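A.B. asks: This is the structure, below, for whatever I ask next.
Every number in this text was worked out from the coordinates using simple rules, so none of it is lab data. Just so you know, these numbers come straight off a predicted model, no measurement behind them. Using ideal geometry, Cβ is built from the backbone for each residue, glycine included, and neighbour counts are taken over all protein chains shown.
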Amino acid sequence: MAEAQNIPAGSTTTGSIAVAAESTVATRMSAPPSFDVADFPVPHGREEEWRFTPLERLRGLHDGTAVATGGAVKVVVEAPEGVTIETVGRDDARLGRAGTPVDRVAAQAYSSFEQASVITVAKEAVLAEPIRIAVHGEGGVAYAHQVIELGAFAEAVVVIDHTGDAVVAGNVDYVLGDGAKLTVVSVQDWDDTAVHAAQHNALIGRDATFKSIVVTFGGDLVRLHPRVSYAGTGGEAELFGLYFTDKGQHQEHRLFVDHNTPHCKSNAVYKGALQGDGAHAVWIGDVLIQAKAEGTDTYEMNRNLVLTDGARVDSVPNLEIETGEIVGAGHASATGRFDDEQLFYLMSRGIPAEDARRLVVRGFFAELVQHIGLPDVEARLLDKIEAELKASV
Amino acid sequence: MATLEIRDLHVSVEADNATKEILKGVDLIVKQGETHAIMGPNGSGKSTLAYSLAGHPKYTITSGTVTLDGEDVLAMTVDERARAGLFLAMQYPVEVPGVSVSNFLRTSATAVRGEAPKLRTWVKEVKETMADLQMDPAFAERNVNEGFSGGEKKRHEILQLELLKPKVAILDETDSGLDVDALRVVSEGVNRVRETGEVGTLLITHYTRILRYIKPDFVHVFANGRIAESGGAELADKLENEGYEAYVKGGASA
């Protein structure tokens, strides 16, 4: 059920649960998914999928004027034994299998990249160490495509770090073989000038488990589409997200879980804190339970904590159910202010205002951070949250 | 010896676009080691006095002074007042989701004491105090006031009182909503602090019941935003028998 509490002025929380014979998740997009940018009209900003995004800050990614400059990003991959890393051309058959671009920017990226990176974990390989991918923006425009594929029963953790300054659009495919387990941590720690738009497609094999942790701190504009669909029964997706939106930043996460297969699970939890004038966070959580997806179990939640005046949250959970033969389905969204009464209580115990704020924000994120299950990543995120708070307005 | 001195305190609040004066000239001196009971009917301004002393932003001090050992309390921020030695046990403590009791207690003790308590002695101190208040050790891992029962909230307030060792403790209707057993446990906690002789206690209550457990040195009847009558413990007996009626009428005609 949708819930809304203490919504700060200028924020919206709208939710819907629709029981429909035919999906509207797909039809309310202005064009059907396509790999070809020409299939999408240039957005004008009033379309459902663009209405929250300041197009002028996309630096031309949406209208064809952003031309790749070469050398805009430097990518370094560190991988343990059992991993194959390849750079391939556009015609490689392994590209684009996990999903099709759903908006013009993703299609622009698919139409524009010159080389793609394919990282493969052999079947039944269980990696001892994470695969670490460092993406550093060197200025300029880049289009990218990346595939991470796990063979049957393989297990891997991938940590992708985005830093520096660039204008980047890309697609990432996660292809999980039967029984595979993949954890991906994607950290958007860009400089405050960067623009990053990406579609993350996960195709989850039979009995496979996909855990995604999306962490967005940086960027002038970050707009991500984490998307999940299932290739077999028994698949599980856990989608965690954490964002800290500062003054002037636009951070948008648009989730879509397509329950297209029976007996699969999904659980999405995104939490964000906002501070400063013009900080804008957008969270869209679309879940579709198709008629054939009996036995589905899904839940999605978005929580926002607004720390100062001048910040804005738009949170829109949508759940569309085409069959009643399911285990569970629900969603929740709430946006609250850091409460003056909480502040008073903590301060009345001698705790200075700044420390009180830190205590509450740490607490707000702690539960989510504990789900990550990677101690070094958890520690780094908590440190980063502290740093964000220290830099507060 | 620490002294809290309240002189001619006037306090108002904004409500429905109008300013309403709630405290209309309160004079009171609380010295270390003394216990003052402030009793009065609903709406007389007792809680306003408590929250004004702690510095709640809802209340505006329009005139008067409050000093603690000569220092101007009204010029201090909320946290500075706590560090100066004021403590308010609240009637309705606030939930702070995501912040554990143990983390909260240690953070506030660090702030009030000016340095982080040594971990080993601190853990022992917290454990023993919780045992005295008949609190389950698992309590420390719960989030502050989240899902606490009324009795648990009050025990948690008194736990803080015992750990933070203020110079002046203001207990705002700590007895309300407690059953007899919980009232006894909470009162024993307050008495342990009083017995040190190092705290001045301002016990705000509607009922005389708690005074059977916590013996006041002074009783003040609060009515219509000021102290209407002061006396010794015997005044509470009079209130027990006669109620507040005389003061409410007196207040209305004043």
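A.B. asks: Among B:124/B:167; B:127/B:167; B:58/B:154; B:215/B:238; B:24/B:46; B:20/B:58, which pairs are too far apart, with a Cα-Cα distance over 18 Å? Walk me through the numbers before you get to the answer.
C.D. replies: Numbers: B:124/B:167 23 Å; B:127/B:167 23 Å; B:58/B:154 23 Å; B:215/B:238 15 Å; B:24/B:46 12 Å; B:20/B:58 12 Å.
The answer is B:124/B:167; B:127/B:167; B:58/B:154.
A.B. asks: Could you tell me whether the stretch A:353-393 comes out rounded, prolate or oblate from its Cα gyration tensor? Rule is a ≥ b ≥ c as square roots of the eigenvalues, rounded for a/c under 1.5, then prolate if a/b exceeds b/c, otherwise oblate. Mind showing how you got there, number by number?
C.D. replies: Values: a/c = 3.38, a/b = 1.75, b/c = 1.93.
Oblate is the answer for the stretch A:353-393, as a/c is 1.5 or above yet b/c matches or exceeds a/b.
A.B. asks: Report, in whole Å, the centroid distance computed from the Cα atoms of the stretch A:140-199 and the stretch A:293-366.
C.D. replies: So the separation of the two Cα centres works out to 26 Å.
A.B. asks: Sort B:69, A:165 so the one with the fewest other Cβ atoms within 10 Å of its own Cβ comes first. Kindly include the intermediate steps, with their values, before the conclusion.
C.D. replies: Working: B:69 15, A:165 21.
Fewest-to-most ranking of B:69, A:165: B:69, A:165.
A.B. asks: Once the other residues with Cβ under 15 Å from the Cβ of residue A:383 are scored (Lys, Arg +1; Asp, Glu -1), what is the net sum?
C.D. replies: Working: positive: A:358, A:362, A:380, A:384, A:390; negative: A:161, A:189, A:376, A:378, A:386, A:388.
Within the 15 Å Cβ shell, the charges total -1.
A.B. asks: Related question: Relative contact order (percent) for chain A, with alpha-carbon contacts under 8 angstrom and 6 or more residues of separation? Working shown, then result.
C.D. replies: Numbers: 1113 pairs, mean separation 55.1, N = 393.
14 percent.
A.B. asks: Shifting gears a bit: What share of the DSSP beta bridges in chain A is antiparallel, in percent to the nearest 5? If you can, show how the numbers build up before the last one.
C.D. replies: Numbers: 12 of 143 bridges.
So the antiparallel bridges amount to about 10 percent of the total.
A.B. asks: While we're here: Kindly write out, for the stretch A:275-282 in residue order, the coupling ³J(HN,Hα) from the Karplus curve 6.51 cos²θ - 1.76 cosθ + 1.60 (θ = phi - 60°), rounded to whole Hz, with x marking Gly and Pro.
C.D. replies: Taking θ as phi minus 60°, the curve returns 8, x, 5, x, 5, 9, 10, 10 Hz for the stretch A:275-282.
A.B. asks: I'd like the Karplus ³J(HN,Hα) series for the stretch A:176-190: coefficients 6.51, -1.76, 1.60, θ = phi - 60°, whole numbers in Hz, and an x wherever there's a Gly or Pro.
C.D. replies: My calculation for the stretch A:176-190 gives 10, x, 4, x, 6, 10, 10, 10, 10, 10, 10, 9, 9, 10, 4 Hz in order.
A.B. asks: Let me ask something else about it. Can you work out ³J(HN,Hα) from phi for every residue in the stretch A:338-352, in order, using Karplus 6.51 cos²θ - 1.76 cosθ + 1.60 and θ = phi - 60°, giving whole Hz and x for Gly and Pro?
C.D. replies: Couplings: 5, 6, 4, 6, 4, 4, 4, 4, 5, 5, 5, 9, x, 7, x Hz.
A.B. asks: Okay, moving on. Name the long-range amide H neighbours of residue A:166: under 5 Å, sequence gap of 5 or more, or other chain; modelled H, no Pro or chain starts.
C.D. replies: Under 5 Å from the amide H of residue A:166: A:139, A:194, A:195.
A.B. asks: Counting Lys and Arg as +1 and Asp and Glu as -1, each charge on the Cβ, what is the dipole of the stretch A:339-393 about the Cα centre in debye, to the nearest 20? Walk me through the numbers before you get to the answer.
C.D. replies: Values: 7 positive and 11 negative charges, 25 e Å.
It works out to roughly 120 debye.
A.B. asks: For residue A:123, give me every one of the lysines with a C-alpha distance below 28 angstrom, ignoring sequence neighbours fewer than eight places off in its own chain.
C.D. replies: Qualifying lysines at Cα under 28 Å: A:181, A:211, A:265.
A.B. asks: For residue A:390, give me every one of the lysines with a C-alpha distance below 16 angstrom, ignoring sequence neighbours fewer than eight places off in its own chain.
C.D. replies: Filter leaves A:247.
A.B. asks: Sum up the charges of everything whose Cβ sits under 14 Å from the Cβ of residue A:345, counting Lys and Arg as +1 and Asp and Glu as -1, but leave residue A:345 out.
C.D. replies: On the way: positive: A:349, A:357, B:58, B:81, B:153; negative: A:339, A:340, A:341, A:355, B:79, B:95, B:146, B:157, B:172.
Combined, the nearby Lys, Arg, Asp and Glu give -4.
A.B. asks: Neighbour counts of other C-beta atoms within 10 Å: give me A:206, A:57, A:223 arranged from fewest to most.
C.D. replies: Details: A:206 19, A:57 13, A:223 29.
By the 10 Å Cβ count, ascending, the order reads A:57, A:206, A:223.
A.B. asks: What ranking, highest mean first, results for peptides B:85-98, A:65-78, A:330-343, A:166-179 when packing means the other Cβ atoms within 10 Å averaged over each residue? Please list the in-between numbers first.
C.D. replies: Values: B:85-98: 21.8, A:65-78: 14.6, A:330-343: 19.1, A:166-179: 24.8.
Those peptides, ordered most packed to least, come out A:166-179, B:85-98, A:330-343, A:65-78.
A.B. asks: So what's the gap between the Cα centers of the stretch B:73-130 and the stretch B:173-224, to the nearest angstrom?
C.D. replies: 21
A.B. asks: Would you please name the chymotrypsin sites (Phe, Trp or Tyr not before Pro) within the stretch B:176-233 that are DSSP coil residues with at most 16 other C-beta atoms within 10 Å of their C-beta?
C.D. replies: Working: sites: B:207, B:213, B:218, B:222; in loops: B:207, B:213.
Qualifying residues, ordered by number: B:207, B:213.
A.B. asks: Let me ask you something else. Can you tell me, using C-alpha contacts under 8 Å and at least 6 residues apart, the relative contact order of chain B as a whole percent? All intermediate terms of the calculation are to be shown ahead of the outcome.
C.D. replies: Details: 475 pairs, mean separation 70.0, N = 254.
Rounded, it is 28 percent for chain B.
A.B. asks: Using amide H atoms built in the peptide plane, which far-off residues or other-chain residues are under 5 Å from residue B:201 H to H?
C.D. replies: For residue B:201, the qualifying residues are B:33, B:34, B:35, B:36, B:169.
A.B. asks: Note down, for the stretch A:12-338, the three equivalent ellipsoid semi-axes (square root of 5 times each alpha carbon gyration tensor eigenvalue), biggest first, whole angstrom. List each step's numbers first, then the result.
C.D. replies: Numbers: eigenvalues 137, 134, 74 Å².
Output for the stretch A:12-338: semi-axes of 26, 26, 19 Å.
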